[in-house]
Each structure stands twice: as C-alpha cells, then as structure tokens.
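The values are calculated or read from the model by the stated rules, or taken from the named source; none is laboratory data. All figures in this text were calculated on a predicted structure; none of them were measured in a lab. All Cβ positions, glycine included, derive from the backbone under ideal geometry; neighbour counts span all protein chains shown. For the accessible areas, the whole protein counts, side chains as well, though only heavy atoms, and no ligand, DNA or RNA atoms are used. Shrake-Rupley method; radii C 1.70, N 1.55, O 1.52, S 1.80 Å.
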Amino acid sequence: MSTRPRPLVAGNWKMNGLRASLTELEAMVTANNTALSSNVDLLICPPFPLLQMASSMTLDAAKGRRISIGAQDCHTKESGAHTGDVSAQMIADTGATYVIVGHSERRADHAETDAIVCAKAEAARRAGLTAIICVGETHAEREAGRALDIVRAQLHGSIPQGMGASHLVIAYEPVWAIGTGLTPTAADVAQVHALIRAELVNLLPQVGADVRILYGGSVKPSNAVELMGVENVNGALVGGASLTAKDFLGIAAAYL
Ligand code: PEP
C-alpha cells in the first residue's frame, strides 16, 4: 500500500535573477530548519547562468543538500549543434537534480508540443534528473468545459512510458492562473488533481499513486494552506512568490 507522497514546494524564477538575487536563496537555505525539512522538500529553479552557483551554495558538506536545485528547460539531445540550448546532462553536471519541462510559457513562446515535452522528460530521465512536467488549460478551454480533456491529452502525450515515481513530478498549472492573481476554486483543483491521479495510475500502474502532483498558479502565503490542503495536491510550483525567501518560505509553512 502506498503512502501519501512527500510534498514538494518548487520555485520557478523564470527569467528573473542576477547573482545578487542569490542572497534570497541563501536566506532560504538558512531558514530551512529541521521542522520544515522533515515535512517538505524545497526546490528552486533559477535561470541557467545561476545554476552552478545555486547548486554549489545549497550543498552543505556536513548536512548534504539543503534545498534542491533545478533548471527550467532542457534540450531533447545530449549534445550537438543546437546553438543556445542546454542539455539535461549539462544540467546534471552542475549538481542540479530537477528540470521543469513543458511550462505553458515554453509551450506558447517556443511552440513546444506534447511530443517535444515527452522527449525532454525522457532526456531528463537519461541524465538522472527528475522531470516536472507541466500541464494545464487556457481560460478559453476552461470556459468551453474542456479543462479535463485538455489535461488528460497533455498527460498522455507528455509522459514517457515506464517513468519511475522518483523521476517524475506533474504540475497542474491552469494557464489563466499563472501570474494573474487568479486561482481556481479548491473544488476545481480537487477535480483536476483527481483526474491526474487516475491517469497516472492508468499510465504508470506500478508508481502512479506515488508521483507528486503540484498545483501552480498564483500560489501565495495567504492561499497556500487552502490549496495545499486539497486532496491529491502534493505541493506547489510557485513563480512570482518564489523570488523572495519570505514569500517562498511562507508558502512552504503550509506544511509546518
Ligand atoms: C509559474 O509560472 O509556474 C507560476 C505558477 O507562476 P505564478 O506563481 O507567478 O503564478
């Protein structure tokens, strides 16, 4: 019998952050005390130029890794003539252990299809990284009553066969909730997360119950307790509020 997956609160810094911003990461590391770290895993995904520094500063010789570090995207291939791209292997080489794939901003800005997202998740697995696969409907799709169909199709198209629970996290991020201050109702979140859990068990019968499902979209300290308390919500993917230690830890405190 499987137990409830251990929660993960992940921060996506997007295209924000210079070296000076790492003082916020330092503050997160310092504040991640035993009370917090025994209940929840923390992850920060800074932009590529900060990845190596972030990885080094979160690794404590005595205490191990205090906060996990991840990237926001990877290429499908390990190396080659792909100017400007970064492979999963290169990300792993910095000491990072996670990579976000299929964020709606990449699906929109870079025309990433489910097939591309699937190949990126596969590349992440080959490199030993955990892939956070993002899915979620647009406002028009929700208004048309198609949210569940869209999310189901994205899951089927984006998850490689035979993924292990430790190499996969799903983030449900309604596109209309990202950076807008809007959030779905707890009942709507519960409905989509129940569908995702059922599809995970269907697609990955051995491990589907153990894969973490994050909610993302305008999570803040003030709504974290309600959203994190929803059935089948195993943590959060946080954009704007992950840029400061105060807000990020305020969200993680939902697990204290
Ligand atoms: C995101 O971009 O993954 C996200 C959830 O952003 P925000 O928290 O700012 O809505």
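Only one of these is open to solvent by 50 Å² or more (accessible area, probe 1.4 Å) and in contact with a helix residue (DSSP H, G or I) (Cβ under 7 Å, 6 or more places away or on another chain): Pro221, Pro184. Name it.
Pro221
His75: within 16 Å of the ligand (Cβ to nearest atom), over 30 Å from Arg4 (Cβ atoms) and without any contact (Cβ under 8 Å) to a residue 60 or more places away in the chain, yes or no?
no
Whether any residue in region 192-202 is at pLDDT 95 or above, under 17 Å from the mean Cα position of the chain (by Cα), open to solvent by 10 Å² or more (accessible area, probe 1.4 Å) and hydrophobic (A, V, I, L, M, F, W, C) is what I want to check.
Within region 192-202 (the criterion being at pLDDT 95 or above, under 17 Å from the mean Cα position of the chain (by Cα), open to solvent by 10 Å² or more (accessible area, probe 1.4 Å) and hydrophobic (A, V, I, L, M, F, W, C)), the answer is no, since none of the residues qualifies.
Out of the residues in region 123-148 that are in a loop (DSSP other than H, G, I, E, B) and of a type outside the set (A, V, I, L, M), which is farthest from Ala165 (Cα to Cα)?
Per the stated criteria, the residue is Gly145.
With Ala140, Ala111, Ala121, Ala115 as the choices, which residue is over 16 Å from Val192 (Cα atoms), touching a Phe, Trp or Tyr at 6+ places or on another chain (Cβ under 9 Å) and at pLDDT 95 or above?
Ala140
From Gln206, Gln191, grab the single residue that is more than 14 Å from the ligand (Cβ to nearest atom) and without any contact (Cβ under 8 Å) to a residue 24 or more places away in the chain.
So the residue among Gln206, Gln191 that is more than 14 Å from the ligand (Cβ to nearest atom) and without any contact (Cβ under 8 Å) to a residue 24 or more places away in the chain is Gln206.
Examine region 216-235 for a residue that is touching a His at 6+ places or on another chain (Cβ under 7 Å), of a type outside the set (Lys, Arg) and in a strand (DSSP E or B), and state whether such a residue exists.
No, region 216-235 contains no residue that is touching a His at 6+ places or on another chain (Cβ under 7 Å), of a type outside the set (Lys, Arg) and in a strand (DSSP E or B).
Hey, Gly84 hits all of (1) within 19 Å of the chain's Cα centre (by Cα); (2) open to solvent by 30 Å² or more (accessible area, probe 1.4 Å) but one; which does it fall short on?
It is condition (1) that Gly84 fails.
Every residue in region 155-172 that is without any contact (Cβ under 8 Å) to a residue 60 or more places away in the chain and touching an Asp or Glu at 6+ places or on another chain (Cβ under 6 Å), please.
Answer for region 155-172, where residues must be without any contact (Cβ under 8 Å) to a residue 60 or more places away in the chain and touching an Asp or Glu at 6+ places or on another chain (Cβ under 6 Å): Leu155, Gly157, Ser158, Pro160.
Given the conditions (1) more than 23 Å from Thr97 (Cβ to Cβ); (2) part of a helix (DSSP H, G or I), which single one is not true for Gly179?
Gly179 satisfies all of (1) more than 23 Å from Thr97 (Cβ to Cβ); (2) part of a helix (DSSP H, G or I) except (2).
Identify, please: which residue in region 210-256 is among the hydroxyl-bearing types (Ser, Thr, Tyr) and in contact with a Ser or Thr (Cβ under 9 Å, 6 or more places away or on another chain) and is, among those, farthest from the ligand (Cβ to nearest atom)?
Tyr215
If you take the residues in region 130-177 that are more than 14 Å from the chain's Cα centre (by Cα) and acidic (Asp, Glu), which one is nearest to the ligand (Cβ to nearest atom)?
Filtering first and then ranking leaves Glu137.
How many residues, within region 64-81, are surrounded by 11 or more Cβ atoms within 10 Å (Cβ to Cβ) and farther than 21 Å from Ala115 by Cα?
6
Sort out which residues of region 98-122 are outside any helix (DSSP H, G or I), without any contact (Cβ under 8 Å) to a residue 40 or more places away in the chain and open to solvent by 40 Å² or more (accessible area, probe 1.4 Å), and write them in order of number.
Scanning region 98-122 gives His110, Ala111.
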